[in-house]
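The values are calculated or read from the model by the stated rules, or taken from the named source; none is laboratory data. No experiment lies behind these values; they were computed from the predicted model shown. Glycine also receives a Cβ, built like all others from the backbone with ideal geometry; neighbour counts cover every protein chain displayed. These area figures cover heavy atoms from the full protein model, side chains too; ligands, DNA and RNA do not enter into them. Shrake-Rupley method; radii C 1.70, N 1.55, O 1.52, S 1.80 Å.
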Amino acid sequence: TLVQSETLSELQRRARPHQVDVLLPKFAIRSHANAKEALITMGVTAAFDQQKADFDQMIIKQQEAFRIYLSSVYQDAWVEVDENGSEAAAATSTIHHSVGCATVMPPPPATFHADHPFLFFIVHRESGSLLFAGWVENPSTKALRSPAMKP
């Protein structure tokens, strides 16, 4: 993983609103991964075993039907960032077989110009859940400025 969940939680806890001059490159990242080995490593083994898999509660099974088990699980993800914002999507597919009031002066804007390698995270605001994470190794020179900031 890019960042341990405890580290991300700590960063979120310490985060405070701050005006930032952001300069990001346009980028799009697509990935296709076989998740079977990762699932097995995490302890999901019975689902891939023809004798032990039990998906009976998830399907309407005929009396004469065979047991259903998984042979592969694939995870596809896509993240795109441009001047309009960010979009991201993910899909998982399986191949299975039968069987008080105070005023404080705001601090000056910070600067973040991503003209070097950087990490990015898309986090669900309400739950704090990490939805997408990745890194850009070689950002293009055609960076884009956030809509809120004027050059």
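Give the residue that is modelled with the lowest pLDDT, with candidates limited to residues of the range 21-51 that are open to solvent by 40 Å² or more (accessible area, probe 1.4 Å) and of a type in the set (Val, Ile, Thr).
Ile29
Anything in the range 55-93 that is over 30 Å from Phe118 (Cα atoms) and modelled with pLDDT of 80 or more? List them, or say none. Break it down into steps so the answer makes sense when it comes.
Let us first name the residues in the range 55-93 that are over 30 Å from Phe118 (Cα atoms), namely 55-72.
Within the range 55-93, Tyr69, Leu70, Ser71, Ser72 qualify.
Could you tell me which residue of the range 13-63 is nearest to the chain's Cα centre (by Cα), considering only residues that are assigned to a loop (DSSP other than H, G, I, E, B) and among the small types (Gly, Ala, Ser)?
Of the range 13-63, the ones assigned to a loop (DSSP other than H, G, I, E, B) are 15-19, 26, 35, 42-45, 49-63.
Filter once more, keeping what is among the small types (Gly, Ala, Ser): 15, 35, 43, 53.
Numbers: Ala15: 19, Ala35: 14, Gly43: 21, Ala53: 28 Å.
Applying the filter and picking the extreme gives Ala35.
If you scan the range 24-43, which residues turn out to be of a type in the set (A, V, I, L, M, F, W, C), touching a Ser or Thr at 6+ places or on another chain (Cβ under 8 Å) and within 19 Å of Glu137 (Cα to Cα)? Before you say what the answer is, go through the steps one by one.
Within the range 24-43, the subset of a type in the set (A, V, I, L, M, F, W, C) is 24, 27-29, 33, 35, 38-40, 42.
Within this subset, residues satisfying the condition of being touching a Ser or Thr at 6+ places or on another chain (Cβ under 8 Å) are 24, 27, 35.
Residues satisfying the conditions are Leu24, Phe27.
Which pairs have Cβ atoms under 8 Å, sit 6 or more apart or on different chains, and link a residue in the range 119-137 that is at negative phi to one that is loosely packed, with under 12 Cβ neighbours inside 10 Å and among the aromatic types (Phe, Trp, Tyr)?
Qualifying pairs under 8 Å: Leu119/Trp135; Phe120/Trp135.
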